1. Can you check what the Kirkwood hydrodynamic radius comes to for the chain, Cα pairs only, in Å to one decimal?
2. Find which of 133, 210, 171 sits farthest along the positive direction of the dipole of the stretch 115-228, computed with +1 on the beta-carbon of Lys and Arg, -1 on that of Asp and Glu, about the Cα centre.
3. How compact and how long is the stretch 198-283, expressed as Rg and Dmax of its alpha-carbon atoms in Å?
4. Can you give the Rg to Rh ratio of the stretch 93-220, both from alpha-carbon atoms, with Rh computed by the Kirkwood formula?
5. Pop out the ³J(HN,Hα) list for the stretch 60-65 in order, Karplus 6.51 cos²θ - 1.76 cosθ + 1.60 with θ = phi - 60°, rounded to Hz; leave Gly and Pro as x.
6. Run the dipole for the stretch 34-80 about the Cα centre, Lys and Arg Cβ at +1, Asp and Glu Cβ at -1, nothing else charged, and hand back the magnitude in debye, nearest 20.
7. Can you tell me what percent of all Cα-Cα pairs in the stretch 41-119 are more than 15 Å apart?
8. Leaving out same-chain residues fewer than 8 places away, which lysines sit with a Cα under 19 Å from that of residue 74?
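The numbers here are math on the coordinates, done by the rules we state, and not lab data. All figures in this text were calculated on a predicted structure; none of them were measured in a lab. No Cβ is skipped: glycine too gets one built from the backbone with ideal geometry, and neighbour counts run over all protein chains shown.
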Amino acid sequence: MLVHKTEEVKNTVKSWKGLKVGLVPTMGALHEGHLSLIKKAKETCDKVVVSIFVNPIQFGPAEDYDKYPRTLDKDFELCTKEGVDLVFAPAPSEMYGEGQKLSNDTLTYVCPPFFYVNKLCGKTRTGHFDGVCTVVLKLFNIVRPDCAFFGQKDAQQVVIVKKMVKDLNVPVEIIQCPIVREESGLALSSRNKYLSEEGRKNALTLSRILNNIRACYKKGITDIEALKETAYGYLTDKHDLEYLEILDRNTLEEQEEANNDSIALIACRVENVRLIDNIYLGE
Ligand code: PAF
């Protein structure tokens, strides 16, 4: 079932009294990565809701909000095939109110702590995680799920959403699912659509860098600068590196040395498309 109104979601979920409800929040343009979240939700829950909403308040003024792929018919078809019980695809006016100015002068935002947002993607995407937390909390309040499913690809997002849920006592369990990759190693992303054939080849560098860092760690290198330096041999003038960091995967804290709790994270532009990827150094 496809619905666009909050009230329809609330009424449907109410009729599922006593059943375990899972939410997969998405911005649509669904790919195998999203489908893996949906499959996990189907395994874990009695009823599954997928939200499809390109959330204006998590995009900066110079970002790709207008250009972001919108493929609702195809997305709905995929959801139906996967046995999703309810697809919620609201308009921005349904989520934020007709005529509502989308600014924190006039709208309540959820602002995650500076420590978590002042690094990695948050450093260049000012306000991005305020927008994410605000819409995710709204979706939790509309759907009232028992569990919500997020991909490890957006590792910083998962840490921040978990922190919000803990700090604000939101009664939902956050379940993180592994990154899904093409055979080539490229992490699936809706933004891969923007890449040319050559761009896709250059994009493979991200996973190569991360795999190599992991391999070096497994060989016994724990010095973080030394691990990061191994990346430079892979980068060419086709790569505009935004960050490469090795941090604690649960807290995003800096570490003195890499260990089994470390995560290596990279953001890099290829053909001006901003790509991110990450890998756990331990299991
Ligand atoms: O990861 C995403 O697609 C989005 O940030 C999310 C969680 C659906 C919120 O808009």
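1. On the way: mean 1/r = 0.0505 Å⁻¹.
Across the chain, the inverse of the average 1/r is 19.8 Å.
2. My answer, from the dipole projection, is 210.
3. 12.5, 38
4. Values: Rg = 17.7 Å, Rh = 17.2 Å.
Radius of gyration over Kirkwood radius for the stretch 93-220 works out to 1.03.
5. x, x, 9, 8, 8, 4
6. Working: 7 positive and 8 negative charges, 40 e Å.
About 200 debye.
7. Values: 2154 of 3081 pairs.
For the stretch 41-119, the fraction of Cα-Cα distances above 15 Å is 70 percent.
8. In chain and number order, the partners are 39, 193.
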